[in-house]
Amino acid sequence: MKDYLKFYINGQWVDPATPKTLDVINPATEEPFARISMGSAADVDKAVAAAKAAFPKFSMTSKKERIELLQSIMAVYQKRYADIAAAITAEMGAPKNLSEKAQAAMGIAHLNTNLEILKKYEFEEDKGTTRIVREPIGVCGFITPWNWPVNQIACKVAPALAVGCTMVLKPSEVAPINGYIFAEILHEAGVPAGVFNLVNGDGPGVGAPLSSHPDVDMVSFTGSTRAGILVSKAAADTVKRVALELGGKSANIVLDDADFGKAITGSVFGMMSNSGQSCNAPTRMLVPAKRHDEAVAIAKAAAEQVKVGDPNAEGTVIGPVVSDVQFEKIQGLIQKGIEEGATLVTGGTGRPDGLNKGYYVRPTVFANVTNDMTIAREEIFGPVLSILPYKDEEEAVAIANDTVYGLSGYVQGEPEHARKVAARLRTGNVHLNLAGPDLNAPFGGYKQSGNGREWGEFGFEEFLEVKAVLGYNAA
């Protein structure tokens, strides 16, 4: 077992103010493989003070200097790429192939995207006699989740560095090792002391004092809606900017003119990827009532091809879910689906056959689900698909929008038809015909899925304040 007991504050690895440790559990074995320190308000105070002290100088660096810094970070990240991927597999159970080709890949992708935006971005423009200036917002507090850990770290840190902000990161204590390695990368790349700081810990111990800190100008949080509300309340007294990327219960409308085999099979694989632990996963599949049984048969066949197993083994499609807490929550919701009368098509409670240890969940499909059932309302965050029949397109749109969430939506069908349906969905993203992610497109949600946007130029601008200098060009 390896220890990661220091915090990164003001360019140095330092001991916590009060010693307290937490074991990091490998969800495939249920055994600890690392230890971290758990921080407190005193550690947050030190980290924020370092970020505040570093801001005046770093905020005035030139675009050229920040371009060179991002390039240096990318070079070191590439050297540590395998370490990042291996850490993610160990701490949150992502299959080796997914960790290498998607999880770790998203970190470098966000760095590169923000580098390219920075090269072209104009921070000043004139409107008549007034100059409009876009300036870094200041000290940022980042609270990131365990499900796409380095993705969420990089999509906050990269734009913040690019525009000249300083920051304090609290990664998830459930999957913190990739964040520790990320801090090592930034140190080796030459990020100036105090610009980036890392304090490990949980929400009450570190997240709350970071969100409420008077010297933090912005807090950016990714996680559950429940925790996002707590962040907003903690931040309210200091009227700081709050960016939230929260939960989802995304509808996937399969239109009658879709290629059912392709659309449903692809949707099942996409939804169950990462063990269903993606906030934008298409967990509610809406199908024409007259073709419900046809859709169910296709979904069943697809789900039964999803191989669950050791994340380091060849051929594994999904590994375990991240923790015993998540495992028990998912088991309870599957049981709730059965009790409320949904048709269990495949999967169900318990571990898959042959897996007696590890937080492995059976790929599960429910049919004949109605939108008032718990499994259609709550975010399960596991490989559990609900299939809901609809009688016509009006009802499909109504069901899709009948949720407190609004992070993502999916529409499968003839392209022009799908576009028209997409226009009616109240979600921050809509994927047409299994379209993949776009790093230049804004990512974020409507309603209780959050506010603000990440990724691309929209995410870049979240970290900027706008100043008007009147009379700048007066004669």
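Only the coordinates and a few stated rules stand behind these numbers; no lab work does. In this text, all values refer to a predicted model and were calculated from it rather than measured experimentally. Cβ placement follows ideal geometry from the backbone for every residue including glycine, while neighbour counts extend to all protein chains displayed.
Please determine, by comparing only the residues of segment 374-395 that are out of contact with any helix residue (DSSP H, G or I) (no Cβ under 7 Å at 6 or more places or on another chain) and of a type outside the set (Asp, Glu), which one is farthest from Val345 (Cα to Cα).
Among them, the one singled out is Arg377.
Is one or more of the residues making up segment 415-428 crowded, with 22+ Cβ neighbours inside 10 Å, over 24 Å from Ala289 (Cβ atoms) and among the small types (Gly, Ala, Ser)?
Yes, that holds for at least one residue.
I need every pair where a residue in segment 452-475 that is within 15 Å of Ser220 (Cβ to Cβ) has its Cβ under 9 Å from the Cβ of a residue that is in a helix (DSSP H, G or I) and acidic (Asp, Glu), sequence separation at least 6 or different chains.
Correct list of pairs: Arg453/Glu461.
Would you mind finding the one in Val174, Val133 that is of a type in the set (Val, Ile, Thr), in a loop (DSSP other than H, G, I, E, B) and surrounded by fewer than 23 Cβ atoms within 10 Å (Cβ to Cβ)?
Val174
Could you check segment 222-263 and list, in sequence order, the residues that are assigned to a loop (DSSP other than H, G, I, E, B) and over 24 Å from Pro442 (Cα atoms)?
Answer for segment 222-263, where residues must be assigned to a loop (DSSP other than H, G, I, E, B) and over 24 Å from Pro442 (Cα atoms): Asp237, Thr238, Val239, Leu255, Asp256, Asp257, Ala258, Asp259.
Of the conditions (1) in contact (Cβ under 8 Å) with a residue 12 or more places away in the chain; (2) surrounded by fewer than 23 Cβ atoms within 10 Å (Cβ to Cβ), Val322 clears all except one; give me its number.
Just one mismatch for Val322, condition (2).
Restricting to segment 445-475, name every residue that is in a loop (DSSP other than H, G, I, E, B) and under 16 Å from Ala160 (Cβ atoms). I'd like the intermediate steps shown before the answer.
At the first step, the residues of segment 445-475 found to be in a loop (DSSP other than H, G, I, E, B) are 445-446, 452-453, 455, 462-463, 470-475.
Across segment 445-475, the qualifying residues are Gly452, Arg453, Trp455, Glu462, Phe463.
As an exercise: evaluate Tyr121 against (1) in contact with a strand residue (DSSP E or B) (Cβ under 9 Å, 6 or more places away or on another chain); (2) crowded, with 17+ Cβ neighbours inside 10 Å and give the number of the one condition it does not meet.
With (1) in contact with a strand residue (DSSP E or B) (Cβ under 9 Å, 6 or more places away or on another chain); (2) crowded, with 17+ Cβ neighbours inside 10 Å applied to Tyr121, the lone miss is (2).
How many residues are part of a helix (DSSP H, G or I) and surrounded by 23 or more Cβ atoms within 10 Å (Cβ to Cβ) if we restrict to segment 203-221? Outline the logic, then answer.
Filtering segment 203-221 down to residues part of a helix (DSSP H, G or I) leaves 203-212.
From what's left, surrounded by 23 or more Cβ atoms within 10 Å (Cβ to Cβ): 206-207, 209-211.
Qualifying residue count for the region: 5.
Would it be correct to say that Ala28 is outside any helix (DSSP H, G or I), of a type in the set (A, V, I, L, M), in contact (Cβ under 8 Å) with a residue 60 or more places away in the chain and surrounded by 15 or more Cβ atoms within 10 Å (Cβ to Cβ)?
yes
Tell me, which helices (runs of 4 or more DSSP H) lie completely within segment 63-130 with 3 or more residues that are within 19 Å of Val195 (Cβ to Cβ) and within 19 Å of the chain's Cα centre (by Cα)?
The helices (runs of 4 or more DSSP H) meeting that bar are 104-120.
Okay, residues lined up against (1) of a type in the set (Gly, Ala, Ser); (2) buried (at least 17 other Cβ atoms within 10 Å of the Cβ); (3) touching a strand residue (DSSP E or B) at 6+ places or on another chain (Cβ under 7 Å):
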position: Phe7; (1), (2), (3): no, yes, yes
position: Asp15; (1), (2), (3): no, no, no
position: Arg35; (1), (2), (3): no, no, yes
position: Asp45; (1), (2), (3): no, no, no
position: Lys52; (1), (2), (3): no, yes, yes
position: Lys64; (1), (2), (3): no, no, no
position: Met74; (1), (2), (3): no, yes, no
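Looking only at segment 140-158, decide whether some residue is among the hydroxyl-bearing types (Ser, Thr, Tyr), in contact with a Phe, Trp or Tyr (Cβ under 9 Å, 6 or more places away or on another chain), assigned to a loop (DSSP other than H, G, I, E, B) and buried (at least 19 other Cβ atoms within 10 Å of the Cβ).
Checked against the condition, which is being among the hydroxyl-bearing types (Ser, Thr, Tyr), in contact with a Phe, Trp or Tyr (Cβ under 9 Å, 6 or more places away or on another chain), assigned to a loop (DSSP other than H, G, I, E, B) and buried (at least 19 other Cβ atoms within 10 Å of the Cβ), segment 140-158 yields at least one hit.
In this structure, is Thr343 of a type in the set (Val, Ile, Thr), out of contact with any Phe, Trp or Tyr (no Cβ under 6 Å at 6 or more places or on another chain) and within 19 Å of Cys279 (Cα to Cα)? Give the steps one after another, and end with the answer.
Working: of a type in the set (Val, Ile, Thr): yes; out of contact with any Phe, Trp or Tyr (no Cβ under 6 Å at 6 or more places or on another chain): yes; within 19 Å of Cys279 (Cα to Cα): no.
Considered against the rule, which asks whether it is of a type in the set (Val, Ile, Thr), out of contact with any Phe, Trp or Tyr (no Cβ under 6 Å at 6 or more places or on another chain) and within 19 Å of Cys279 (Cα to Cα), Thr343 comes out as no.
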